[in-house]
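S.K.: Pasting a structure here, questions to come.
The values are calculated or read from the model by the stated rules, or taken from the named source; none is laboratory data. Note that the structure is a prediction, hence the values are computed from the model and not measured. For neighbour counting, all protein chains shown are included, and Cβ atoms are generated from backbone atoms with ideal geometry for every residue, glycine included.
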Amino acid sequence: MGKATGFMEIDRLEREYEPVEDRIKHFKEFLIPLDPEKVSAQGARCMDCGIPYCHQGCPVNNLIPDWNDMIYHGKWREALDLLHSTNNFPEFTGRICPAPCESSCTLNITDNPVAIKTIECSVVDRGWSEGWIKPELPIKHSDKKVAVIGSGPSGLACAQQLARAGHSVVVFEKNERIGGLLRIGIPDFKMEKTLIDRRMAQMQSEGVEFRTNSYIGKNISIEKLMNDFDAVAFCGGSETPRDLPVSGRQLKGVHFAMEFLSQQNDRVSGKIVDKDVEIIAKGKKVLVIGGGDTGSDCVGTSNRQGAMSVTQLELLDQPPEKENKALTWPNWPMKLRTSSSHQEGCERNWSVLTKSFEGNNGNVNKLNCVNVEWYKDSNGRMKMVEVEGSEFSFQADLVLLAMGFVHPIHEGLINDLKVNLTPAGNIDANEAKYQTSIEKFFAAGDSRRGQSLVVWAIKEGRQCAHSIDNFLMGSSELPR
Ligand SMILES: Cc1cc2nc3c(=O)[nH]c(=O)nc-3n(C[C@H](O)[C@H](O)[C@H](O)COP(=O)(O)OP(=O)(O)OC[C@H]3O[C@@H](n4cnc5c(N)ncnc54)[C@H](O)[C@@H]3O)c2cc1C
Ligand code: SF4
């Protein structure tokens, strides 16, 4: 343990954001890194609890108390090695993870958790800038070939682990660029894409082959892959968006959030977006339906594009400002979360159901809504009723549907293979083996667990790699 009295003497300090008026002028990251001395002092705040709840709160089980201690003692390189022992891409999670570890930290009982995410990101960013992060080549090679379908965080983690175990790994990606939602969904102002390019280069040096524009089940058959490879990992994400099939849904100006967000990421990458299909918020009254990460990213993107106003609607009730720690700690609490995008300007409305869209000349200009109330039925299930007489409308010229994703795309690969699905439509495979109903076909990430987080995708990719290695070789030394 670093400093026994550190948590009493040193205040929590985190990275700050650039001021709103500066950051909404651009699409770059706006977190201001902390000086290394300040990061070390934050490490000293860790109490090295006998039962480190942060460690179980982190989906990849990062060895948090250990690297906190190392940072306090200036052992940055050792901390980096330890960080990489559980997490292939800490620079991704260090920027975009919601940090359930910090909710679980014992110091969070008094609202003052160790700045775990800031420390994590500082360690790995320093590792890159010092040139400490190098390709990790396998000691020996096997004669086994593995295909990974999908290049999101689960596919990347799975591929990197399998290559390090000595197998020949090919990642097939239907898009023209690698990274999954990290590349095409999450805006650059949350995570710049050079971070993915840098990891891709590392993985290529480790032997991973990337094949883009390769849509398995469309321009390459799954049968061919199953014949050509010893094992196949499906890491295709949860790509079917939840729709809002109400009157007026077909009007121009009503779009799925991903259509809007992916265009902006394309623009930032230098790609020209075709004028005929362009969705742009400039000068418009934007309505975002859905209150999660995707909705929040639509808010931040709309403000940067110069929207006239941005309003967000959420079907659920407004959560409490502060959780009841006695009931929730060390678990992830339900409470009001205000993202950096919300701080940049957005009117937020809760308990609102959209009943229909109206338009003029085929373009949306109005949403008709009603307030709802939530209650528990006799089986304890949450039910919703419309509040009589609470009908109202919003003016809007651009509506973005950000209500989540229901399951992976079934047409093509999944239907062709006839692999078993869960009742929710995700690929059925358990968390011990990640093996599906088809022997050499494995699944990990959002396609298996349903829409989730980057840190969970990394965890699943790593565990799936362990299981595939075990399946191919009879045992595995890869960590689970
Ligand atoms: C807008 C948005 C913002 C988000 N923000 C955050 C955040 O801030 N923090 C966080 O932790 N999580 C966030 N998430 C969630 C996170 O991005 C996902 O949980 C994570 O990316 C899932 O990883 P994955 O590898 O399972 O799938 P994905 O990232 O979805 O990658 C799947 C890849 O598979 C490819 N693919 C699919 N089918 C095929 C096929 N048949 N052939 C070839 N390729 C195929 C796809 O093109 C895609 O590239 C966000 C999600 C969205 C949509
Ligand atoms: S990956 Fe997420 S949960 Fe784990 S230590 Fe980092 S910020 Fe915390």
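Residue by residue, here is whether (1) crowded, with 18+ Cβ neighbours inside 10 Å; (2) in contact with a Phe, Trp or Tyr (Cβ under 8 Å, 6 or more places away or on another chain); (3) assigned to a loop (DSSP other than H, G, I, E, B) holds:
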| residue | (1), (2), (3) |
| --- | --- |
| 174 | yes, yes, yes |
| 191 | yes, yes, yes |
| 201 | no, no, no |
| 207 | yes, no, yes |
| 214 | yes, yes, yes |
| 223 | no, no, no |
| 232 | yes, yes, no |
| 259 | no, no, no |
| 265 | yes, no, no |
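S.K.: Something else now. Could you list, in sequence order, all residues of the stretch 92-124 that are over 18 Å from residue 69 (Cβ atoms) and within 13 Å of ligand 1 (Cβ to nearest atom)?
M.R.: 92, 93, 94, 95, 96, 97, 98, 99, 100
S.K.: While we're here: If you take the residues of the stretch 100-141 that are in a helix (DSSP H, G or I) and small (Gly, Ala, Ser), which of them is nearest to residue 78 (Cα to Cα)? Before you say what the answer is, go through the steps one by one.
M.R.: Here is the first cut: in the stretch 100-141, the ones in a helix (DSSP H, G or I) are 100-104, 106-110, 116-130.
Narrowing the set further to residues that are small (Gly, Ala, Ser) leaves 103-104, 122, 127, 129.
Numbers: 103: 26, 104: 24, 122: 13, 127: 10, 129: 15 Å.
Checked the stretch 100-141; the qualifying residue nearest to residue 78 (Cα to Cα) is 127.
S.K.: Quick check on the stretch 369-381. Is at least one of its residues within 22 Å of residue 95 (Cβ to Cβ), of a type in the set (A, V, I, L, M) and surrounded by 13 or more Cβ atoms within 10 Å (Cβ to Cβ)?
M.R.: Just the residues of the stretch 369-381 that are within 22 Å of residue 95 (Cβ to Cβ), to begin with: none.
No.
S.K.: Can you find even one residue in the stretch 20-41 that is within 13 Å of ligand 2 (Cβ to nearest atom), in contact (Cβ under 8 Å) with a residue 60 or more places away in the chain and either within 14 Å of residue 114 (Cα to Cα) or surrounded by fewer than 21 Cβ atoms within 10 Å (Cβ to Cβ) (or both)?
M.R.: no
S.K.: I'd like to check which helices (runs of 4 or more DSSP H) are fully inside the stretch 325-444 and have at least 3 residues that are within 29 Å of residue 104 (Cβ to Cβ). Please lay out each step first, then the result.
M.R.: Working: elements: 325-328, 340-343, 413-417.
In the stretch 325-444, 325-328, 340-343 are the helices (runs of 4 or more DSSP H) which contain 3 or more residues that are within 29 Å of residue 104 (Cβ to Cβ).
S.K.: Confirm whether residue 435 is within 16 Å of ligand 2 (Cβ to nearest atom) and polar (S, T, N, Q).
M.R.: Details: within 16 Å of ligand 2 (Cβ to nearest atom): no; polar (S, T, N, Q): yes.
It is false that residue 435 is within 16 Å of ligand 2 (Cβ to nearest atom) and polar (S, T, N, Q).
S.K.: Being surrounded by fewer than 23 Cβ atoms within 10 Å (Cβ to Cβ), within 17 Å of residue 33 (Cβ to Cβ) and β-branched (Val, Ile, Thr) is the filter here, so list the residues in the stretch 88-107 that pass it.
M.R.: Across the stretch 88-107, the qualifying residue is only 96.
S.K.: Show the residue pairs that are 6+ apart or on different chains and have beta-carbon atoms under 6 Å apart, the first residue being within the stretch 318-339 and outside the structural domain of residue 112 (by TED's automatic domain parsing), the second being surrounded by 14 or more Cβ atoms within 10 Å (Cβ to Cβ) and of a type in the set (Ser, Thr, Tyr).
M.R.: As it stands, the answer is 330/53; 330/104; 332/103; 339/296, since those pairs meet every condition given.
S.K.: So, in the stretch 422-478, of the ones that are within 15 Å of ligand 1 (Cβ to nearest atom) and aromatic (Phe, Trp, Tyr), which residue ends up nearest to residue 102 (Cα to Cα)?
M.R.: Residue satisfying both the conditions and the ranking: 456.
S.K.: Here's a follow-up. Under 6 Å between Cβ atoms, which residue pairs at least 6 apart in sequence (or on different chains) link something in the stretch 50-63 that is hydrophobic (A, V, I, L, M, F, W, C) with a partner that is more than 14 Å from ligand 1 (Cβ to nearest atom) and outside any loop (DSSP other than H, G, I, E, B)?
M.R.: Filtered contacts from the stretch 50-63: 54/64; 54/104; 63/82.
S.K.: Another question about this same structure. Just need a number here: residues in the stretch 445-472 that are farther than 15 Å from residue 229 by Cβ, among the small types (Gly, Ala, Ser) and assigned to a helix (DSSP H, G or I). Walk me through how you get there before you give the answer.
M.R.: Residues of the stretch 445-472 that are farther than 15 Å from residue 229 by Cβ, as a first pass: 445-463, 466-467, 470.
Still in the list and also among the small types (Gly, Ala, Ser): 445, 447, 450, 452, 457, 461, 467.
Adding the requirement that they be assigned to a helix (DSSP H, G or I) leaves 447, 457, 461, 467.
So the count comes out to 4.
S.K.: Right, here's the next one. Could you list all residues from the stretch 169-195 that are without any contact (Cβ under 8 Å) to a residue 40 or more places away in the chain and more than 21 Å from residue 256 (Cα to Cα)? Spell out the reasoning first.
M.R.: Within the stretch 169-195, the first condition is being without any contact (Cβ under 8 Å) to a residue 40 or more places away in the chain, and the residues that meet it are 175-176, 178-179, 194.
The answer is 178, 194.
S.K.: Between 270, 291, which is under 23 Å from residue 392 (Cβ atoms), part of a loop (DSSP other than H, G, I, E, B) and of a type outside the set (Phe, Trp, Tyr)?
M.R.: On the way: 270 fails: under 23 Å from residue 392 (Cβ atoms).
291 is the lone residue from the list that is under 23 Å from residue 392 (Cβ atoms), part of a loop (DSSP other than H, G, I, E, B) and of a type outside the set (Phe, Trp, Tyr).
S.K.: Against the definition (more than 16 Å from ligand 1 (Cβ to nearest atom) and assigned to a loop (DSSP other than H, G, I, E, B)), how does residue 178 come out, yes or no? Reasoning before the result, please.
M.R.: Values: more than 16 Å from ligand 1 (Cβ to nearest atom): no; assigned to a loop (DSSP other than H, G, I, E, B): yes.
Against the criterion (more than 16 Å from ligand 1 (Cβ to nearest atom) and assigned to a loop (DSSP other than H, G, I, E, B)), residue 178 does not qualify.
S.K.: Taking the stretch 4-19 as the search range and keeping residues that are surrounded by 10 or more Cβ atoms within 10 Å (Cβ to Cβ) and aliphatic (A, V, I, L, M), which one is nearest to the chain's Cα centre (by Cα)?
M.R.: 13
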